[in-house]
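Engineer: For reference, the structure I am asking about is given below.
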Amino acid sequence: MFNWSLMRKTVKELRKNQYLTAKDLADKLHLDTSEVLKLDDLRLKDVDEPLRSQFLPILRGDYMDKIPWL
């Protein structure tokens, strides 16, 4: 199910909730840190679609599901 509350929060809020710095997020998305910092103050719904679809799984924490715990 799609979570509408994520779309109302800023990229910075969601990034901080996942304990990611701008550099960490930029590394995961293969972007420059400056590009992430430009988008920090925008709500996720205001980010253009190609970037939003890249940001969403990281900011939701989907990447944590693939970590093999021993």
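Engineer: Can you show me the helix-derived [θ] at 222 nm for the chain, built from DSSP H runs with n ≥ 4 at -39,500 (n - 2.57) apiece and divided by the number of residues, rounded to the nearest 500.
Structural biologist: -15000 deg cm²/dmol
Engineer: Moving on to the next point. What distance in nm separates the two pseudo spin-label positions at residue 19 and residue 41, each 7 Å out from Cα along the beta-carbon direction?
Structural biologist: 2.9 nm
Engineer: Hey, what D do you get for the chain in µm²/s if you plug the Kirkwood alpha-carbon radius into Stokes-Einstein at 4 °C and 1.567 mPa s?
Structural biologist: 105 µm²/s
Engineer: Here's a follow-up. Do you know the Lys pair count in the chain for C-alpha distances under 17 Å, with sequence separation 8 or more or different chains?
Structural biologist: The number of close lysine pairs in the chain is 11.
Engineer: For Cα pairs less than 8 Å apart in space and 6+ apart in sequence, what is the mean separation divided by the residue count of segment 4-60, i.e. the relative contact order in percent?
Structural biologist: This gives 45 percent for segment 4-60.
Engineer: Alpha carbon centre of segment 1-32 versus segment 41-63: separation in Å?
Structural biologist: That distance is 6 Å.
Engineer: So, counting K/R as plus one and D/E as minus one, what does the shell of residues with Cβ under 14 Å around residue 48 add up to?
Structural biologist: After counting each charged neighbour, the total is +1.
Engineer: Could you work out the local net charge near residue 34, counting Lys and Arg as +1, Asp and Glu as -1, over the other residues with Cβ closer than 14 Å to its Cβ?
Structural biologist: Net of charged neighbours comes to -3.
Engineer: Heavy atoms only, probe 1.4 Å: what % of the accessible area of segment 4-60 goes to carbon and sulfur, would you let me know?
Structural biologist: 49 percent
The values are calculated or read from the model by the stated rules, or taken from the named source; none is laboratory data. Since the model is a prediction, treat every value here as computed from it, not as a measurement. Ideal geometry is used to build each Cβ from the backbone, glycine not excepted, and the neighbour counts take in all protein chains shown. The protein model used for the area step is the full one, side chains on, heavy atoms only, and it has no ligands, DNA or RNA in it. Shrake-Rupley method; radii C 1.70, N 1.55, O 1.52, S 1.80 Å.
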